[in-house]
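This report concerns only the one structure given below.
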Amino acid sequence: MSTTDNLRTAFAGESQANRKYLAFAKKADEEGYPQIARLFRAAAEAETVHAHAHFRVLGGVKGTEANLEAAIEGEGEEFKKMYPAFIAEAEKEGSKQALMSFNFANAVEQVHYNLYNGALESFKQGKDLPKAPIFVCGICGNTVNEAPDKCPICGAPKARFAEVK
């Protein structure tokens, strides 16, 4: 393996550790262990520092236009190819929980694809997006500017949407 391969592997591992530790922190909070939760969140933040460093060395962070184009490409790949293949396999295996998880993610990746395309259009006109709140559904990840009464992707109530600060 090359150093570049090692950096990609390290970036993936640190990124996954961040998300895993945040999930662990949430569970520790739910179970009444706030200091253990804090430790998990601190470690998650450290993993983010590592992941960002590896990604910078890889040259993964570019200007906003290139970053939007990369995001569009990635989201498009996910909802057009990756998740449809995963959905087909989960259906074949009868894995209902995985099927639901993949279907939610697939639908939301298309939402992200469209949002990023809109952002790229604004960017090319020399403008930022209009100032507006952004909400994320805590069940499926649907991303919207106004929380609906019921999520159109997963059916979650408005209360499950959290505003991104």
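From the list HIS50, HIS54, HIS112, which residue is within 20 Å of ARG19 (Cβ to Cβ) and touching a strand residue (DSSP E or B) at 6+ places or on another chain (Cβ under 8 Å)?
Exactly one of HIS50, HIS54, HIS112 is within 20 Å of ARG19 (Cβ to Cβ) and touching a strand residue (DSSP E or B) at 6+ places or on another chain (Cβ under 8 Å), namely HIS112.
Quick one: ARG160 ticks every box in (1) in contact with a strand residue (DSSP E or B) (Cβ under 8 Å, 6 or more places away or on another chain); (2) modelled with pLDDT under 95; (3) charged (D, E, K, R) bar one, so which box is it?
(2)
Could you tell me which residue of the stretch 29-48 is nearest to PHE11 (Cα to Cα), considering only residues that are charged (D, E, K, R) and in a helix (DSSP H, G or I)?
Among them, the one singled out is GLU47.
For the stretch 23-35, indicate whether the set of residues that are crowded, with 18+ Cβ neighbours inside 10 Å and touching a Lys or Arg at 6+ places or on another chain (Cβ under 7 Å) is non-empty.
Yes: one or more hits.
Tell me, please, whether a residue that is out of contact with any helix residue (DSSP H, G or I) (no Cβ under 8 Å at 6 or more places or on another chain), within 30 Å of SER122 (Cα to Cα) and modelled with pLDDT of 95 or more can be found in the stretch 10-17.
no
Look through the stretch 1-22, keep the residues that are small (Gly, Ala, Ser) and without any contact (Cβ under 8 Å) to a residue 24 or more places away in the chain, and return whichever of them is surrounded by the most Cβ atoms within 10 Å (Cβ to Cβ).
So, considering only residues that are small (Gly, Ala, Ser) and without any contact (Cβ under 8 Å) to a residue 24 or more places away in the chain, the one surrounded by the most Cβ atoms within 10 Å (Cβ to Cβ) is GLY13.
Considering only residues that are exposed (fewer than 13 other Cβ atoms within 10 Å of the Cβ), closer than 27 Å to LYS80 by Cβ and not small (Gly, Ala, Ser), which ones fall in the stretch 115-145?
Selection gives GLU121, LYS124, GLN125, ASN145.
Which of the residues spanning the stretch 65-80 are closer than 14 Å to VAL108 by Cα and out of contact with any Phe, Trp or Tyr (no Cβ under 8 Å at 6 or more places or on another chain)?
GLY74, GLU77, GLU78, LYS80
The values are calculated or read from the model by the stated rules, or taken from the named source; none is laboratory data. Just so it is clear, the structure is predicted and the values come from calculations on it, not from any experiment. We place every Cβ from the backbone using ideal geometry, glycine too, and count neighbours over all the protein chains shown.
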